[in-house]
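Here the structure is laid out as structure tokens; the discussion comes afterwards.
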Amino acid sequence: AGHEGCNLFGYVEVSRAPGTIHLAPHSSRHSFDFSHVNTSHHIDHLSFGLELGAIERRGLPPDVRKHLLSLDGRAFTAATAHLTQEHHVNIVPTRYQPAGSVAHVETYQFTATSHARTKDTLPSLLISYDVSPIQVNIAERRQPTSELVLSFCAIIGGVVAVFGIIDGMLYTGSAVVRQKLS
């Protein structure tokens, strides 16, 4: 509100190969003074793949949810002239299947690192991306109560066995010491 600039909204279809989205001012009727081009920007939303609805997103584990919106709501300010802003995005295809369900959710998690650098060319905004060839599959499973009881029994049995060994060692050691002292 009250600032000059552009609002960009759209969808870009890309292949799964690494690539770069390059945003720069361009006009056949205007020339640009590079020192006055400001690449400050605010990212309202950036996502990959089909957009998930709020209900689908809420059903995802918190660790997955936080990597769906890595750059959302962040502002990047260009404080000097000739500053090119760069975002490097690593995308990981993810498939999530809740416990007791045959349905699954396909999405793309991503992490981003951002930095700015000064160039003598026209300042711009670069979003480079790399899609991982490996997909993360998350399938929740509920553990039956019988397995839980069995695990507790195994833990208790292990503790009893370890204390039995320690007790035997202490008893044998004390018997040897008593014998040497006698």
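Of all residues in region 9-43, which are closer than 17 Å to residue 85 by Cα and surrounded by fewer than 10 Cβ atoms within 10 Å (Cβ to Cβ)?
26, 36
Run down 95, 29, 16 and say which single residue is modelled with pLDDT under 85 and within 20 Å of residue 132 (Cβ to Cβ).
16
As an exercise: evaluate residue 179 against (1) open to solvent by 80 Å² or more (accessible area, probe 1.4 Å); (2) under 37 Å from the mean Cα position of the chain (by Cα) and give the number of the one condition it does not meet.
Here residue 179 meets the rest and fails (2).
Output the residues belonging to region 97-107 that are open to solvent by less than 70 Å² (accessible area, probe 1.4 Å) and either in a loop (DSSP other than H, G, I, E, B) or touching a residue at least 60 places away in the same chain (Cβ under 8 Å) (or both).
If the condition is that a residue be open to solvent by less than 70 Å² (accessible area, probe 1.4 Å) and either in a loop (DSSP other than H, G, I, E, B) or touching a residue at least 60 places away in the same chain (Cβ under 8 Å) (or both), then 98, 99, 101, 103 are the ones that fit.
Which members of region 7-35 meet the condition of being of a type in the set (Val, Ile, Thr), part of a loop (DSSP other than H, G, I, E, B) and in contact with a strand residue (DSSP E or B) (Cβ under 7 Å, 6 or more places away or on another chain)?
Matches in region 7-35: 12 only.
Return a yes/no flag: does region 136-157 have any residue that is hydroxyl-bearing (Ser, Thr, Tyr) and touching a His at 6+ places or on another chain (Cβ under 9 Å).
Keep residues of region 136-157 that are hydroxyl-bearing (Ser, Thr, Tyr), which gives 145-146, 151.
Keeping just the survivors that are touching a His at 6+ places or on another chain (Cβ under 9 Å) gives none.
No; the residues of region 136-157 include none that is hydroxyl-bearing (Ser, Thr, Tyr) and touching a His at 6+ places or on another chain (Cβ under 9 Å).
How many residues does region 52-96 hold that are under 17 Å from the mean Cα position of the chain (by Cα) and either without any contact (Cβ under 8 Å) to a residue 12 or more places away in the chain or not in a loop (DSSP other than H, G, I, E, B) (or both)?
Number satisfying all stated conditions: 18.
Any idea which residue in region 115-145 is nearest to residue 61 (Cα to Cα), counting only those that are without any contact (Cβ under 8 Å) to a residue 40 or more places away in the chain and either open to solvent by less than 80 Å² (accessible area, probe 1.4 Å) or assigned to a strand (DSSP E or B) (or both)?
So the residue we want is 144.
The values are calculated or read from the model by the stated rules, or taken from the named source; none is laboratory data. Just so we're clear, the structure is a prediction, and the values are computed from it rather than from any experiment. No Cβ is skipped: glycine too gets one built from the backbone with ideal geometry, and neighbour counts run over all protein chains shown. Note: accessible area is taken over every heavy atom of the protein model, side chains too, but ligands, DNA and RNA are not part of it. Shrake-Rupley method; radii C 1.70, N 1.55, O 1.52, S 1.80 Å.
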